[in-house]
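The values are calculated or read from the model by the stated rules, or taken from the named source; none is laboratory data. This structure is a prediction, so every number in the text was calculated from the model and none was measured. A quick note on method: Cβ atoms are made from the backbone with ideal geometry, for glycine too, and the neighbour counts reach across all protein chains shown. For the accessible areas, the whole protein counts, side chains as well, though only heavy atoms, and no ligand, DNA or RNA atoms are used. Shrake-Rupley method; radii C 1.70, N 1.55, O 1.52, S 1.80 Å.
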Amino acid sequence: MIKKFNIKGPILIYNRIFKDERGLFFESFNQDKFNEIVGKPITFVQDNISHSKKGVIRGLHFQKPPFAQGKLVQVLKGSVIDVAVDLRKKSPTYGQHIAVELSAENNKMFWVPEGFAHGFSALEENTIFSYKCTNFYHAQSEGSLLWNDADLNIDWKVEQPILSDKDLISEKLTTFVSPF
């Protein structure tokens with residue numbers, strides 16, 4: 001099962017879970033099914049894992065073209081609020097965001113296509129987060145929006161955020177010039 005949003009592109013994917021007395025099983029990725037869901041062939045070239053303390057906010061990150069990345073994300077342990085912000089200049093939903101809860105309990109996956117800034121807040125200690133990326137990391141192409149920009153009005157559900165120095169000085173939406 002999938003959920004699409006009023007912002008075109010991102011998709012929430014509900015994995016089919018098989019549970020019994022031994023535990024559970026689910027297929028976390030199937031290339032053919034994924035391509036059918038997004039409506040085009042997608043190739044992933046890099047997988048990343050992050051491990052975060054409760055209260056960590058990572059984001060809102062993106063890579064500029066031609067190194068832009070689509071990301072298929074999921075939580076392996078713990079839970080997060082996962083956010084995608086539309087950065088596509090010609091989009092009627094430019095500057096709007098989607099926030100979803102992902103957890104090891106609900107086993108949902110979130111597709112964040114190119115043209116979106118992405119970030120998450122860890123709601124539990126020792127949260128492990130997995131990203132499948134459509135392009136390789138390219139440091140010179142990375143950018144970020146300010147996590148607490150009032151124009152974005154994102155509820156991260158975190159009382160005392162823990163951020164990187166880079167994320168503390170990111171750009172506001174009002175001064176941002178989108179490369180998408």
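Is at least one residue of the stretch 79-97 without any contact (Cβ under 8 Å) to a residue 12 or more places away in the chain and surrounded by fewer than 23 Cβ atoms within 10 Å (Cβ to Cβ)? It would help to see each step written out before you state the result.
Initial filter on the stretch 79-97 (without any contact (Cβ under 8 Å) to a residue 12 or more places away in the chain): 90, 92.
The next check asks that each one be surrounded by fewer than 23 Cβ atoms within 10 Å (Cβ to Cβ); those that pass are 90, 92.
Checking the stretch 79-97: at least one residue is without any contact (Cβ under 8 Å) to a residue 12 or more places away in the chain and surrounded by fewer than 23 Cβ atoms within 10 Å (Cβ to Cβ).
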Can you tell me which condition LYS19 does not meet? The list is (1) modelled with pLDDT of 95 or more; (2) outside any loop (DSSP other than H, G, I, E, B); (3) open to solvent by 80 Å² or more (accessible area, probe 1.4 Å), and all the others hold.
(1)
Which numbered condition trips up ASP32, out of (1) among the acidic types (Asp, Glu); (2) outside any strand (DSSP E or B); (3) in contact (Cβ under 8 Å) with a residue 40 or more places away in the chain?
(3)
Looking for something more than 14 Å from the chain's Cα centre (by Cα) and not in a loop (DSSP other than H, G, I, E, B) - is there at least one such residue anywhere in the stretch 77-100?
yes
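Mind listing whichever residues of the stretch 111-153 are part of a loop (DSSP other than H, G, I, E, B) and of a type in the set (Gly, Ala, Ser)?
Restricting attention to the stretch 111-153, the residues satisfying the condition of being part of a loop (DSSP other than H, G, I, E, B) are 113-115, 123-126, 134-138, 146-153.
Those that are part of a loop (DSSP other than H, G, I, E, B) and of a type in the set (Gly, Ala, Ser): GLY115, ALA150.
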Set LYS40, LYS8, LYS3: member being outside any loop (DSSP other than H, G, I, E, B), open to solvent by 70 Å² or more (accessible area, probe 1.4 Å) and within 25 Å of GLY95 (Cα to Cα)
LYS3
Under the condition of being of a type in the set (Asp, Glu) and within 18 Å of the chain's Cα centre (by Cα), which residue from the stretch 120-175 is surrounded by the fewest Cβ atoms within 10 Å (Cβ to Cβ)?
ASP155
Note on HIS51: of the conditions (1) closer than 30 Å to PRO161 by Cβ; (2) open to solvent by 100 Å² or more (accessible area, probe 1.4 Å); (3) modelled with pLDDT under 95, unmet is (3)
